[in-house]
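Just so you know, all these numbers are worked out from the coordinates, no wet-lab data involved. Every value quoted in this text rests on a predicted model; they were computed, and no experiment measured them. For neighbour counting, all protein chains shown are included, and Cβ atoms are generated from backbone atoms with ideal geometry for every residue, glycine included.
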Amino acid sequence: MINNTNILINRKKEKASQGCQVVYKRKNLTSLLLRDVESLSAEERTCLRDYYGRYGREAFEKIAVDNKIVPFAAHVLIALDCDISFWQEKHNFFVQRNQKIKAILNSIFAAMENFDCKSLLLIENFAVVLASKLCIGCFCSGDVDLSADIAERYKIIDCLRGFNFIGKEQPESIGEYSGQSMQFGNCDIIEGGFWINVAWKPVTRAFLIQDRYENRLAKDRLLARLISDTNIRVLDDTALMYFCALHIAAGHYYTMSPGLRLYVDIDRLARACNINWDHIVKWEMEDNAGIRISTVMYLSHKLLKTPVPEKVYNKTFKNKRNIKLVNYLYSTNSDEIQNSSSKLRRLYIELASDDGNIVSSFVSRIMQLMRSKL
């Protein structure tokens, strides 16, 4: 029997997307609502059912909404036989919405051929949904992310204009973006409108030294594959895994909004696709990626029980500095990631992720900034 005092909902407002949480015996169980259902243990299933029985549907709905994980939570709760009809309706909304998004993207990629656009491909979240054949309902973002060579920028603008997507440059703020992407919006194409982000670089963040990532992505674009029965292009599975991990580490500083939901990409690719883990380890070294990829793999393994080989993330424990970064990002005691943010903290995370001398890492970024001003 579970003691009432050991189960509570923390309704304190959090920063970013963390919202209220499922907390049991001082453990944050929110990540269970993002898990692959088959990976849930009997004990974890019992915890969720008991929690649901005590606090009811409204509590879980608030948790799902606040954390922006409604379709994921619905998927899990349906499997656990909790108010199936209610959660099925929630999930079906996203299934229908995401099928429309897939159809829109298919039309756009087909039209790109008329513009002789060769580099465009779908990346990150929705690419993972399609590549892993994940339930199409398990995607709830208000936008999708594409990658392309900036040389084809005007072709892409012209093509998207034909679908009534209006483009705008991202802010020229050195702290976040530096003209590294464009955002295209259409308020009417689906209910609530929709956005397409097109990035010219692997990660749209300042201070990331990413020449090697750019070269790798340019080569991997040439090896992109089509999603079955569509015109939609995506990276091959291993490259998609690598760049999703880089996106989490450098684009979202591991834990920033949307937080936990980011790690679903890593988890589902690992479970459903044929990943060459030796290449993941090799590329991290070749690209001077520090411990960015290793750390993401470790956090996914801890948060979602992702089946990642230890050799892929053991670099995170090779010295005290690496361990300190991991402990800053993730609490073993509560099984949760921190979501505090400031420019200073983001700079620390970026420098510590280099896996080298922090002073040298800082100087290299100052030199990069000076070169960009020349």
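Structure summary
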read-out: Relative contact order %, segment 83-184, counting alpha carbon pairs below 8 Å whose residues are six or more apart; value: 25 percent
read-out: Contact order normalised by residue count of the chain, Cα under 8 Å, 6+ apart, percent; value: 15 percent
read-out: Helix-derived mean residue ellipticity, 222 nm - over the chain, DSSP H n ≥ 4, -39500 (n - 2.57), to 500; value: -15000 deg cm²/dmol
read-out: Cα→Cβ-extended label distance, 7 Å offset, between Asn357 and Ala79, nm; value: 4.9 nm
read-out: Estimated FRET transfer efficiency when R0 is 45 angstrom, pair Phe93-Met367 (beta carbons, to 0.05); value: 0.35
read-out: Sparse-neighbour loop sites [GluC sites (Glu not before Pro); segment 310-360; at most 11 other C-beta within 10 Å; DSSP]; value: none
read-out: Out-of-range pairs (alpha-carbon distance over 18 Å; input Lys201/Lys311; Lys302/Lys324; Lys102/Lys155); value: Lys201/Lys311; Lys102/Lys155
read-out: Difference of contour (0.36 nm per residue) and Cα-Cα distance, Ala218 to Lys318; value: 32.9 nm
read-out: Signed unit charges on C-beta, dipole axis of the chain, positive-most listed residue Val22, Leu240, Cys135; value: Val22
read-out: Extreme residue, positive dipole direction of the chain, given options Met367, Gly56, Ala110 (C-beta unit charges); value: Met367
read-out: Highest-fluctuation residue, Lys343, Lys305, Lys100 considered, GNM on the chain with Cα pairs under 10 Å; value: Lys343
read-out: Tensor-based shape of segment 240-308 (alpha-carbon gyration tensor, a/c under 1.5 rounded, otherwise prolate or oblate); value: oblate
read-out: Only Lys, Arg (+1) and Asp, Glu (-1) charged, at Cβ; the chain dipole about Cα centre in debye; value: 1080 debye
